Amino acid sequence: GGQGAGMTQDSRQQAAAEAAVAAHYGMLLGIKSPWQVRRVDLQLNAKRVEVEVVHDPDSAVACPRCRRSCSRYDRAPQRQWRHLDVMQFTTIIRAQAPRCQCPEHGVVTVEVPWAEPHGRFTLMFEAFAVTVIEAARSFVQAMEILRVDWHTIQEIVRRAVERGLLRRTTEAVKQVGMDEKSFGRGQDYVSLMTDLGGGRVLDVVEGRDPASALQLWDRLPPAQRDRVEAVAIDMSPEFTAAARQSAQRAAIVYDKFHVAKHLNEAVDKVRREEHRRLLEQGDKSLTGTKYLWLQGANAEGERALSFSELCERNLRTSRAWFHKETFNEFWAQPSAPLATRFFQQWFRAARRSKLEPIKKTALTLKTHLFGLLNYFTHPITNAISEGFNSKIQAIKADARGFRRFENYRYRILFHCGKLDLRPAIS
């Protein structure tokens, strides 16, 4: 050939070396026909390698939407994708994907085999990044390992969650829980729905008002809502009304942990009132005992002795604690009729107690008795949601508060949604 004859031996050797490097990176990155590596730019000082990939101009192209074979139109502007590091070198793939003329969809860009549409990372990098983020203690640690910035990590999380939600199925969801969690500082809250059988968060929405509760139900397909058998909620009117409106066949079960919370708050109100009265008399018996009444019979060591001594005194707080503890036996009843009989006895005693917070809580429980008794048909609680608390608190601490709710939602679903997060690698 004329061009080959005009080349010096050195230039031929250099061309052969470049071809060998290109072939090597083609195999390393899994680049296959009709794509091929044309050039490798190795930047030693920057510890960066840029791989230019081209599409064979003579090969057929197809519309990415309908897969119909189409005529080639032109080439899209050059794009780049971050790939897995090669020998500690940041690796970038650059390419101009061909565009085709589809009779149905017009001029569209052909998909590249190493990345998802509109992605800035290769499939292998995204899959590896998801694994790192799952295992990392924080975003900061993931950033250090992957050598990317915070916004890149957040983008990978967003794409992973959107990918997982598209793949997720909800046919097996029969029992759900609804709960609220704090968001940011102050009185900002979010509402979340959990799949109690699957042990996963189904979705998170902003706020805890009636519209938020309805929005959560709307995240389930209508046919699926009809298949939900029971929902565990607190006694808030917002969650109750939304459940009745959106899942009319579902039994409403008032969560026994929220019931315990109401009773504990009633005991604490009695304690605070009595503590003020005793202090006026110079009696400091109830000083520093707030958490002792929460532990109760579970207190250990010297605290157990202190609690035992307090119970032996004729304190209003100890009587309130007794009513609270007695109610725990409600959940252990063998049937709804026996639980009804037990509740009636407990309610009469509580209403005669002359302890206003206990009397008020007893009336609240009687108003919601139907949802308490549903527990004996559907023995479900929001314990799974409570179990996510530590993980959600860690997410909040890692982010030091979220400016955008969507970022908070994506992080919760990423870590608690049991989603299929990784891209498919053929």
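Tabulated data
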| item | result |
| --- | --- |
| Mean residue ellipticity (222 nm) of the chain, computed from DSSP H runs ≥ 4 via -39,500 (n - 2.57), nearest 500 | -14500 deg cm²/dmol |
| Between the range 186-219 and the range 317-391, the Cα center-to-center distance that results, in Å | 25 |
| The chain, relative contact order [Cα under 8 Å, separation at least 6], % | 14 |
| Antiparallel DSSP beta bridges within the chain, as percent of all bridges there, nearest 5 | 75 |
| Of Lys284/Lys396; Lys290/Lys354; Lys284/Lys354; Lys324/Lys396; Lys256/Lys354, pairs whose Cα-Cα distance is over 28 Å | Lys284/Lys396; Lys324/Lys396 |
| Arg75 long-range amide H proximity, modeled H, under 5 Å | Arg99 |
| Intensity falloff of the range 364-410 expressed as log10 I(q)/I(0), Debye formula with alpha-carbon point scatterers, at q = 0.14 Å⁻¹ | -0.58 |
| Separation of alpha-carbon centers, the range 82-119 and the range 1-77, rounded to whole Å | 14 |
| Heavy-atom accessible area order for Cys66, Cys416, largest first, 1.4 Å probe | Cys66, Cys416 |
| Asp203 long-range amide H proximity, modeled H, under 5 Å | Met193 |
| Sequence-distant residues sharing a close amide H with Leu315 (under 5 Å, placed H) | none |
| Coil-residue GluC sites (Glu not before Pro) of the range 40-131, DSSP, other Cβ within 10 Å capped at 16 | Glu104, Glu111 |
| Anisotropy class of the range 270-426 from Cα gyration tensor, a/c 1.5 cut | oblate |
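The values are calculated or read from the model by the stated rules, or taken from the named source; none is laboratory data. This structure is a prediction, so every number in the text was calculated from the model and none was measured. Cβ coordinates were reconstructed from backbone atoms using ideal geometry, including for glycine residues, and neighbour counts include every protein chain displayed. Quick note on the areas: whole protein, heavy atoms, side chains included, nothing else; ligands and nucleic acids left out. Shrake-Rupley method; radii C 1.70, N 1.55, O 1.52, S 1.80 Å.
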